[in-house]
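Heads up: the structure comes next, in structure tokens.
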């Protein structure tokens with residue numbers, strides 16, 4: 001559409017653009033048989049999700065949104081993060097909800113007063129995909145102070161599924177965080193644990209690794225709400241978040257042989273994932289952006305480190 005006024009007029013009474021625009025067709029998938037051959041289940045899932053990242057990337061999702069700003073998106077995503085904690089949902093559900101919301105924004109202009117409805121509806125769809133039990137619709141509507149009706153939410157749910165062509169298995173920050181942290185903290189644990197002198201040393205290391213994973217998750221949460229990071233693929237953000245978290249914690253405990261080992265494993269993952277000069281520049285830029293984001297949220301991060 002050419003001008004802002006014409007974009008505004010495209011919004012129907014429901015607050016969503018009426019003309020049906022399906023999401024861009026997925027690029028034809030390359031044959032993964034050779035890559036998946038002799039891989040274990042976890043690594044097979046990783047290869048598939050790594051291959052699908054670009055197809056599900058919601059880059060510049062606000063480009064055609066006359067009423068939705070990056071600040072409004074940040075507030076809504078921060079609210080969704082709080083809601084997912086309150087409802088005791090997984091981080092996977094939260095990440096998938098944001099991806100569903102962002103991809104819908106690419107296809108459809110949304111009125112500002114319907115933006116929160118889009119957020120909770122995306123969360124409902126994500127929980128149906130991820131959780132054993134999804135929240136009740138009445139529960140979600142009450143979180144919005146009953147501003148919206150059940151009919152509005154259900155109608156929007158159908159519209160989202162149509163616009164996204166029912167493609168919901170998006171690679172997420174949560175998936176790559178689980179994969180990379182399990183590989184970096186688990187691959188040499190048994191060997192390194194034998195080198196620990198005392199049970200106390202083992203306990204300190206385990207607590208340090210646990211805090212590292214949770215701090216990396218916190219950094220990922222911050223990036224989820226910041227529109228700057230929509231241009232980066234989830235696997236890039238996660239590896240950079242793990243590096244930033246490692247740097248933040250490097251002086252919090254006495255270094256151990258196993259801590260050095262996990263750091264080397266993280267470095268090997270980075271070299272493996274970013275083999276080209278261009279990819280390394282992307283990794284460096286994302287790391288710089290994350291460090292800036294952390295510095296802007298220093299109080300929250302320091303409170304977590306102190307726990």
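Before moving on, here are some points about what is shown:
- Net lengthening on full extension, residue 151/residue 137 (0.36 nm per residue, minus Cα-Cα): 4.0 nm
- On full extension, the segment bounded by residue 206 and residue 278 gains 22.4 nm, given 0.36 nm per residue less the C-alpha separation.
- Between the beta carbons of residue 165 and residue 60, assuming R0 = 22 Å, the FRET efficiency works out to 0.65 to the nearest 0.05.
- Extending 7 Å from Cα along the Cβ direction at residue 228 and again at residue 51 yields two label points whose distance is 3.4 nm.
- At R0 = 25 Å, FRET efficiency that the Cβ-Cβ distance of residue 74 and residue 128 yields, to 0.05: 0.45
- The alpha-carbon atoms of region 83-140, seen along their principal axes, cover 31, 21, 16 angstrom, with the largest extent given first.
- When restricted to Cα atoms, region 56-163 yields an Rg and a Dmax of 12.7, 37 Å, respectively.
Readers should treat all values here as calculations from the given coordinates under stated rules, not as data from a laboratory. Owing to the predicted nature of the structure, the values given are computational and were not obtained by experimental measurement. Note that we place each Cβ from the backbone using ideal geometry, even for glycine, and neighbour counts take in every protein chain shown.
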